[in-house]
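> Pasting in a structure now, in structure tokens, and then I'll have a few things to ask.
What follows is calculated from the coordinates using simple rules that are stated; it is not laboratory data. Computed from a predicted model, the values in this text were never measured in an experiment. As a convention, Cβ positions derive from the backbone with ideal geometry for all residues, glycine included, and neighbour counts pool all protein chains shown.
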Amino acid sequence: MKKHIDLFPEPVSPPESFGDGGIPADMLELLPSEEKQTDVIHRPSVSYWGNVAVKLKADPLAMAGLVFVAFMILFAIFGPLVSPYSYEQQNYEAINQGPSADHWFGTDKFGRDLLVRIAYGARISLTVGFVAAFVNMVIGILYGGIAGYLGGRADMVMMRIVDIIMAVPSLLYIILVMVFLGSNLRSILIALCMFYWLGTARMVRAQILSIKTQDFVMAAKVIGESDLRILIRHLVPNSMGPIIVTVMFLIPQAIFYEAFLSFIGIGIAVPTASWGTLANDSLANMNIYPHLMVFPSLAISLTIFALNFIGDGLRDALDPRLKK
């Protein structure tokens, strides 16, 4: 005898006291409206530069360097204004004194307050560093950008000129310019700005060559934008990451060059107070009065370290491959 098998049986409804999944109805609770959208990712949109700022803040060395450089800038601007001494004021009753309550960094061989002179030296050294870096950034962007964008024979001629200039150490050019123009702030700025842009130009050229064939450049040409506008409005902004890092490393190099040239006697001339001249003045009595060498050397070293820490932090923060 054959049995009838129902392939599509009617579903059996659960008891009224049970909800979905066999859970008692009295144990069910409606979700609040704010918890229903659990599949939506609530993460704010972060721009490229916003992501750079976040990663830079997460770097303790970069932030420490930034705080120190900001402190040095404020110290250079306001330190001499609030001090009771001037950088050229002499007191022959307080010659070569060590650090004390009256003179925190001591005095030099003429009784001048060393703290105020270091503050004036910070003005000169930081001015040289930032001005030289900015001017060389502008020259390097224009020269390297034009060479990379034009390409061909123009690129070859322009970069061979750069290679010829770079064949001789830049420090030698700077020394020659200082010898002819004299030992002052203007001449050292001219010397640094004349031959300091070569590395920036080569870096900018390489960046322009790598992105000038991309689609957004072709689109700009199709709508009729000029070559100069394409270079300034499209190519250079898309290369600003490496440019900023390169320029950031130019600042401590310029400060070191100024201090070195002043230390060997062909940079900033005395009695103008710069960190290099202060270190040079301390050579004769360095063993007897070490504070004369220690404080200017610390100012140079800590500032260069701080700027390098900032440069390292920017290099990591501006790398798109490390975006979080």
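> Going 7 Å from the Cα of residue 206 along its beta-carbon direction, which residues of region 160-174 have the amide nitrogen within less than 19 Å of the resulting point?
The answer is 160-168, 170, whose backbone nitrogens lie closer than 19 Å to the label point.
> R0 = 41 Å: FRET efficiency of residue 163 with residue 286, Cβ-based, nearest 0.05?
Efficiency, rounded to the nearest 0.05: 0.45.
> At 7 Å along Cα-to-Cβ for each site, give me the label-to-label distance between residue 301 and residue 156 in nm.
If labels sit at residue 301 and residue 156, their model points lie 5.1 nm apart.
> Using the Kirkwood formula over every pair of different C-alpha atoms, what hydrodynamic radius in Å results for region 136-194?
With all distinct Cα pairs of region 136-194 included, I get 12.8 Å.
> Hey, another quick one. Any idea what Rg and Dmax come out to for region 223-293 if you just take the C-alpha atoms, in Å?
In Å, with Rg to one decimal and Dmax whole: 21.3, 73.
> Here is a further query. Quick one: compute the contact order of region 268-307, relative version, from alpha carbon pairs under 8 angstrom and 6+ residues apart, as a percent.
It rounds to 33 percent for region 268-307.
> Given 0.36 nm per residue, what is the gain on full extension from residue 83 to residue 58 after removing their alpha carbon distance, in nm?
My answer for the length gained is 5.4 nm.
> Would you mind calculating the relative contact order of region 76-179 from Cα pairs under 8 angstrom and at least 6 residues apart, reporting the percent as a whole number?
Relative CO of region 76-179 lands at 18 percent.
> Separation of region 119-153 and region 186-208 by C-alpha centroid, Å?
Centre-to-centre distance over Cα atoms comes out at 5 Å.
> Sticking with this structure for a sec: Compute the semi-axes of the equivalent ellipsoid of region 257-324, taking the square root of 5 times each eigenvalue of the Cα gyration tensor, and list them largest first in whole Å.
Equivalent ellipsoid of region 257-324: 35, 14, 7 Å, largest first.
> Take every Cα pair under 8 Å in region 129-194 that's 6+ residues apart, average their separations, divide by the length, and report that relative contact order as a whole percent.
Normalised by residue count, the contact order of region 129-194 is 35 percent.
> Another one. If you stretched the chain out fully between residue 186 and residue 229, how much longer would it get, using 0.36 nm times the residue separation minus the C-alpha to C-alpha distance?
Length difference between fully extended and current span is 12.2 nm.
> Rounded to a whole number of µm²/s, how large is the Stokes-Einstein D of region 61-113 at 4 °C and 1.567 mPa s, given Rh as the Kirkwood radius over C-alpha pairs?
Approximately 104 µm²/s, per Stokes-Einstein.
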